[in-house]
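The values are calculated or read from the model by the stated rules, or taken from the named source; none is laboratory data. These numbers were taken from a predicted model, which means no experiment stands behind them. Cβ: placed from backbone, ideal geometry, glycine included. Neighbour counts: every protein chain shown.
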Amino acid sequence: MHLGRRGLAAVLALALAAPALTMPTLAREPVPEAQPEALGFAPDRLDRLTRTFQGYVDRGELPGAVLLIARDDRIAYYRAFGHRDAARTQPMTTDSIFRLASMTKPIVSVAAMILYEENRLDLAAPVERYLPEFKGMKVRTETRNPTTGEVTVTLEPQRRIMTVQDLLRHTSGIVYPPRIGVGAVPELYRQAGIPDRTKPLAAMITAIAQQPLASQPGEVFEYSLSTDVLGRIVEVVSGMPLDRFVAERITGPLGMASTGFSVPQSEAARIAQALPNPALPALSDPTVPPVFLSGGGGMVGTAADYLRFAGMLLHNGAFDGGRLLAPSTVALMTADALSPSIRYAPRMLTAWGDIAPTPAMGQGFGLGFAVRTETGRNPLPGSVGSYYWTGAFGTTFYVDPKERMISIMMIQTQSGAPNDIYRRAMRQLTYQALVKP
């Protein structure tokens, strides 16, 4: 089916018929393209994708999955595997709802860019202009005496004040607590209980502002709570809670009827669950409306909904006869925003592998997601100019403008599971099935 004027018009009508912050009972689903070869895919090669993910399910590695591939605004492949509950009593369906984790970040980044286009948010402005509690933040540094080995800790002023752009590209000096971040400042976050999901976003931002920065703004890429801080800026500038702004300005207009920060109890049966692992943190219950609206990882949604969001980006901000962003804004977001002199936090180099936004991996980072800068270097296929991101619970999306293609994988695992195996399989098997330009 075409994801164009008529299809999205129906979705938009459905979304606008419902209250802004609720999820309609009926979620409109795209229909698979009957002949993937018409879109350049070899059916026998797509069967490799089917066999691989069915194997993951049959071996008990995954409870289930939803995979979606679109090209030229039509669906080439759209399939559900396994079950959406760990007990394997409920079959996975294509309208299943997944915790998006860090696939929230691109959505909240677009929220900020909407305000940027309205000249209400200046990317070059200091963060402290919008969040006064950030004024005067210091940078923690360590020096080691080469003779005695004694470490001296000092707090230095910022050489260049943290900007909104730094938040979007994770060069702010803000970090994540341990499990993602490594070092003294992440440990300070842990001791301060950051993030505390029992407190609202504004309180968490205040807690971050009371900690030192791990690096000078603009000098180090470190994946972090920066997008959560950005979400608070969206609230301050727009004058409304983050979930309401996203619903009114992004998910509502795009017809993303099953995407938000929580799931109504009436739709609880659609939520995909992970196989339990006592060694890993349990997943939250999306039917409980969150106190903490995490712009970095708090949203839920479906594969079909994320296709609408990714399709808007692929079409340079346009959707179904409407427009969310200008082409120049999408071009800015999808360009490498990291300077040639950028340094990387150690974990970015040791644990991230093929998703690291480094020259060694032929990648950079734009305003909200990784961007491909080289054809080679990375072990996975993809075109220069492609962009993508992933979520800790197993979600991933990839947009290839050159091939006019979008791929989306929705699985649900506990954070820390080997999701890179499934993500790499999805990318490799998608591209090997694409045989015609």
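Some observations on this one:
- Residue match in region 390-399 (condition: of a type in the set (A, V, I, L, M, F, W, C), crowded, with 23+ Cβ neighbours inside 10 Å, assigned by TED's automatic domain parsing to the domain that holds ALA38 and in contact with a Lys or Arg (Cβ under 8 Å, 6 or more places away or on another chain)): yes
- Cross-chain or 6+ apart pairs with Cβ under 6 Å, region 42-56 first and within 12 Å of ALA425 (Cα to Cα), then part of a loop (DSSP other than H, G, I, E, B): TYR56/LEU62
- Of all residues making up region 76-113, the number that are under 22 Å from the mean Cα position of the chain (by Cα), among the aliphatic types (A, V, I, L, M) and buried (at least 22 other Cβ atoms within 10 Å of the Cβ): 10
- Scanning region 359-378 for residues that are touching a residue at least 40 places away in the same chain (Cβ under 8 Å) and part of a loop (DSSP other than H, G, I, E, B) turns up GLY366, LEU367, GLY368, PHE369.
- Residue check, ILE161 closer than 24 Å to GLY364 by Cβ and at pLDDT 95 or above: yes
- Residue check, THR251 farther than 22 Å from ALA124 by Cα and part of a helix (DSSP H, G or I): yes
- Here ALA70 meets each of (1) within 20 Å of ALA310 (Cα to Cα); (2) of a type in the set (Gly, Ala, Ser); (3) at pLDDT below 95 with one exception, condition (3).
- Residue-level check: of (1) in contact with a Ser or Thr (Cβ under 6 Å, 6 or more places away or on another chain); (2) acidic (Asp, Glu); (3) surrounded by 21 or more Cβ atoms within 10 Å (Cβ to Cβ), ASP320 misses just (1).
- Residue check, PHE393 hydrophobic (A, V, I, L, M, F, W, C) and within 29 Å of PRO278 (Cβ to Cβ): yes
- Matching residues, region 241-266, being of a type in the set (Gly, Ala, Ser) and touching a helix residue (DSSP H, G or I) at 6+ places or on another chain (Cβ under 6 Å): GLY252, GLY255, ALA257, SER258
- Criterion violated by ALA203 - all others in (1) touching a residue at least 60 places away in the same chain (Cβ under 8 Å); (2) under 14 Å from GLY231 (Cα atoms) satisfied: (1)
Each row is one residue, and each column tells you yes or no for (1) assigned to a loop (DSSP other than H, G, I, E, B); (2) of a type in the set (Asp, Glu); (3) buried (at least 19 other Cβ atoms within 10 Å of the Cβ).
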{"residue": "LEU121", "(1), (2), (3)": "yes, no, yes"}
{"residue": "ARG129", "(1), (2), (3)": "no, no, no"}
{"residue": "VAL139", "(1), (2), (3)": "no, no, yes"}
{"residue": "THR143", "(1), (2), (3)": "no, no, no"}
{"residue": "THR148", "(1), (2), (3)": "yes, no, no"}
{"residue": "LEU155", "(1), (2), (3)": "no, no, no"}
{"residue": "LEU167", "(1), (2), (3)": "no, no, yes"}
{"residue": "ILE174", "(1), (2), (3)": "yes, no, yes"}
